[in-house]
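Input: a single structure, listed below in structure tokens.
Please treat every number below as a calculation from the coordinates, not as lab data. These numbers were taken from a predicted model, which means no experiment stands behind them. Don't worry about glycine lacking a Cβ; one is built from the backbone with ideal geometry, like all the others, and counts go over all protein chains shown.
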Amino acid sequence: MMEKLLPNLLYFQELNKFMIDAHCHLNFQTFVSDVEEVIGRAKDKDINIINVGTALDSSKTAIELAEKYPGLYATVGIHPHHADKLELNWEVEFEKLAKHPKVVAIGETGIDYFRYESNGITNKNLQRKLFAKQIKIAHRLDLPLMIHNRQAGEDILKVLNENKPLLKNLPGLFHCFSGDVEFLKKVLNLGFYVGFDGNITYPGIAKGETTALFDLIKYAPIDKIISETDSPYLTPIPHRGERNEPSFVKFVVEFIAEVKNLTKKEVAEKTSKNATNLFRLS
Ligand SMILES: [Zn+2]
Ligand SMILES: [Zn+2]
């Protein structure tokens, strides 16, 4: 028994030396010309990366990138913005993609009620239906969820609770967490992890929010926190204004360490271990 367990255990400890960027979009157009250099800079800092799909084509690109690099993983998902732009029979292609061995989650999926200048708010009912559908697919394929929430916390909880029997013990990650402490408690009670990005380094409270991210990090147990960048967006200070990239996750880790009064190394190890557990990275 021991001999069988030992190699796995060693490998697990190895993984803990790394940092994790559990949510980014190297599959987006802005990285087309220099994705190799961007991944190289992350590798130099031993950062593992989960590259997130937002539609069928970007999910496919995420998988193609994951096939090329160790330590790079993919997710397959339809972002709520794309709820009204689905092709007929999209589910067939979706499930085929999601069965790839380097796919570690379904998402980003969820609900988004923020009014964007480019496309306003996508039909709310369509968003909720598409979210529920992806919960069912995640259940069928035994994958955790990568959840996107923007000012839709209550409706997301409603859909999750309606589908509670389909959620795994470790059901997934609320990426780029925002909301208030009451909402955070409910999310943690369902077993979810919470992801924080470079916007935690911005001063003040974001438009439409009531609670500073600083206070949410303070409340969330370190065993439930995962670091991410959402690159190319949400670039942390001191690089705010530039395009974001996974190597900048170190600023996110540093900030969390300060808030939690832990060392940077402890936070890097913990968040990496959390992501390894949740997404079963190997
Ligand atoms: Zn998102
Ligand atoms: Zn994203």
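Shape descriptor for the range 98-252: Rg over Rh equals 0.95 (Cα atoms; Rh from the Kirkwood inverse mean 1/r).
Give the order of 111, 226 when sorted by the count of other beta carbons within 10 angstrom, beginning with the fewest. Intermediate values should be presented prior to the final figure.
Values: 111 24, 226 27.
Arranged by neighbour count, lowest to highest, 111, 226 become 111, 226.
Distance cut-off 28 Å, Cα to Cα: go down the list 164/264; 99/264; 136/224 and report the pairs above it.
On the way: 164/264 35 Å; 99/264 35 Å; 136/224 24 Å.
Listed pairs above 28 Å: 164/264; 99/264.
Distance from the Cα centroid of the range 53-106 to that of the range 194-215 is 28 Å (rounded to whole angstrom). With no solvent and one point per C-alpha, what does the Debye sum give as log10 I(q)/I(0) for the range 20-141 at q = 0.11, 0.12, 0.18, 0.23 Å⁻¹? With one equal scatterer per Cα and no solvent, log10 I(q)/I(0) is -0.38, -0.45, -0.93, -1.28.
Taken over the chain, the percentage of Cα pairs per 5 Å bin, counting from 0 up to the bin with the maximum distance, is 1, 6, 13, 18, 20, 18, 14, 7, 2, 1, 0, 0. Helical content alone sets the calculated 222 nm signal of the chain at -13000 deg cm²/dmol, taking -39,500 (n - 2.57) per DSSP H segment of four or more residues and averaging over every residue.
When peptides 93-103, 149-159, 76-86 are ranked by their average number of other Cβ atoms within 10 Å per residue, the highest-first order is 76-86, 149-159, 93-103.
How long are the three semi-axes of the equivalent ellipsoid for the range 221-282, computed from the Cα gyration tensor as the root of 5 times each eigenvalue, in whole Å, largest first?
Numbers: eigenvalues 85, 46, 13 Å².
Taking √(5λ) for each Cα gyration eigenvalue gives 21, 15, 8 Å.
Compute the whole-percent fraction of alpha carbon pairs in the range 111-193 spaced more than 19 Å apart. So the pairs more than 19 Å apart make up 34 percent of the total in the range 111-193.
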